[in-house]
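The values are calculated or read from the model by the stated rules, or taken from the named source; none is laboratory data. None of these values were measured; they are calculated from a predicted model. Glycine also receives a Cβ, built like all others from the backbone with ideal geometry; neighbour counts cover every protein chain displayed. Just so you know, the surface numbers come from the protein's heavy atoms only, side chains and all, with ligands and any DNA or RNA stripped out. Shrake-Rupley method; radii C 1.70, N 1.55, O 1.52, S 1.80 Å.
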Amino acid sequence: MSKLVCKKCVLDSDIPGIEIKEESGLCHFCETYVPLSSQEKEQYLNRIEGLFKEYSGRGNYDVIFALSGGKDSSYTLYKLKKKTTPS
């Protein structure tokens, strides 16, 4: 079987555990993904902001962010930097 690439997230079938369905062109993650509701997003963001406020200023760093270099952590770092950098 030749290498397949998910048409949505670009994971490919050479990655262990990733299977791309030929019919849809999507990986399992993209096929089963259900986005958060706007209420769930708001709750999540409020929780994160609350944690930042609670622990900010307690040590040498306000946040330590684990960056794997993958697209999820890279995007999260981008959003965190964009939101916290003064204009």
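General remarks:
- Of all the listed residues (24, 68, 2, 13), the sole one being within 30 Å of residue 81 (Cα to Cα) and small (Gly, Ala, Ser) is 68.
- Residue match in region 29-48 (condition: among the small types (Gly, Ala, Ser) and surrounded by 10 or more Cβ atoms within 10 Å (Cβ to Cβ)): no
- Test for residue 82: is it surrounded by 10 or more Cβ atoms within 10 Å (Cβ to Cβ) and of a type in the set (D, E, K, R): no
- When we screen 17, 69 for residues that are surrounded by fewer than 11 Cβ atoms within 10 Å (Cβ to Cβ) and over 18 Å from the mean Cα position of the chain (by Cα), the only hit is 17.
- Across region 49-61, the qualifying residues are those that are open to solvent by 90 Å² or more (accessible area, probe 1.4 Å) and in a loop (DSSP other than H, G, I, E, B), and the one among them that is nearest to residue 81 (Cα to Cα) is 61.
- Enumeration of residues in region 17-48 that are of a type outside the set (D, E, K, R) and part of a helix (DSSP H, G or I): 28, 29, 30, 32, 38, 39, 43, 44, 45, 46, 48
- Contacts under 9 angstrom Cβ, first residue in region 46-58 being closer than 15 Å to residue 76 by Cβ, partner assigned to a helix (DSSP H, G or I), 6 or more apart: 52/84
- Pairs, first in contact (Cβ under 8 Å) with a residue 24 or more places away in the chain and under 28 Å from residue 3 (Cα atoms) in region 25-39, second open to solvent by 80 Å² or more (accessible area, probe 1.4 Å) and charged (D, E, K, R), C-beta under 9 Å, six or more apart: 30/7; 30/8
- Qualifying residue in region 20-27 (condition: under 19 Å from residue 76 (Cβ atoms) and polar (S, T, N, Q)): no
- Flag if residue 12 is surrounded by 10 or more Cβ atoms within 10 Å (Cβ to Cβ) and within 30 Å of residue 2 (Cα to Cα): yes
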